[in-house]
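One structure is given here, and the rest of the page talks about it.
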Amino acid sequence: MSLMGGEIGVGWDKNLRNRVLEIFAESVRLKESFLKANIDVLEETIRTLATALGQGNKILLFGNGGSAADAQHIAAEFVNRYMMDRPPLPAIALTTDSSVLTAISNDFDYQEIFEKQIRALGQRGDVAFGISTSGTSRNVLRGLKQGEQQGLITIGMGGPSNSPMKEACRYYLYVEGAATPRIQEVHITIGHAIVEMVERILLGAETDGQGHGPQD
């Protein structure tokens, strides 16, 4: 059975281009809006992460779906490299161990998958970094709250400014006013900015932004 709703003609080509332009324009607008509202918190978050890593602590990242992929993406850039060759920085995505995730979900509840891992792995001074485009993912909120109870530094990267995540973490970076895909695009840009600036702070490096990225 064909999935095509109709033939692609000249009219559709024009609509396609217009929609692509709208997508990119919205992504740019949302990034600019995020910076206007969050630049101070973002700077403080970067300095805090650099301090924690410099003191030998680690980052625990977590989220669901696309946010799980972002957690893994950011963790890989800390552990491997981002803009320069340098010593690995300790970061763990709590979304990758299928045995742990399915055991907790099967024996207890899916809402506990991050909370339990933080209980097991988190130590005072570590960072719990939760990601949720809605700011309402229960397992992410529980993970952040558990981190706070254990003396971890808690960072939330979420959606609306007034979401429950705001009350569950010390630093809240919010992106609001757009569809989930556009929010995710801002989230990964935030993640890239964080990793790059942490590298520069810890290594005292000055680059022109043209360094090598992570290896595919």
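What follows draws every value from the coordinates through simple rules; no lab data is involved. Owing to the predicted nature of the structure, the values given are computational and were not obtained by experimental measurement. As a convention, Cβ positions derive from the backbone with ideal geometry for all residues, glycine included, and neighbour counts pool all protein chains shown.
With R₀ fixed at 22 Å, the C-beta to C-beta distance from N80 to R119 puts the FRET efficiency at about 0.20.
Axis angle, to the nearest 10 degrees, between helix 98-107 and the longest C-alpha principal axis of the chain: 80 degrees. Between N80, S163, N64, the Cα set farthest toward the positive side of the dipole of the chain (charges on each charged residue's Cβ, about the Cα centre) is that of S163. A simple spin-label model places the labels of S134 and F24 3.2 nm from each other, with each point 7 Å out along Cα-to-Cβ.
If you put +1 on each Lys and Arg Cβ and -1 on each Asp and Glu Cβ, how big is the dipole of the chain around its Cα centre, in Debye rounded to 20? Walk me through the numbers on the way to the answer.
Values: 20 positive and 26 negative charges, 69 e Å.
Computed about the Cα centre, the dipole is about 340 debye.
Note on K36: lysines with a C-alpha under 25 Å away, same-chain residues under 8 apart excluded, are K166. Computed over the chain, the per-residue total of -39500 (n - 2.57) for DSSP H runs of n ≥ 4 gives a 222 nm mean residue ellipticity of -18500 deg cm²/dmol, rounded to 500. Which of the three applies to the stretch 69-216, rounded, prolate or oblate, going by the alpha-carbon gyration tensor with a ≥ b ≥ c and a/c under 1.5 meaning rounded? Since a/c reaches 1.5 and a/b is larger than b/c, the shape of the stretch 69-216 is classed as prolate. Spin-label model, D109 to T48: label points 7 Å out along the Cα-to-beta-carbon direction sit 2.7 nm apart.
Rounded to the nearest 10 degrees, the inclination of helix 66-79 to the longest alpha-carbon principal axis of the chain is 50 degrees.
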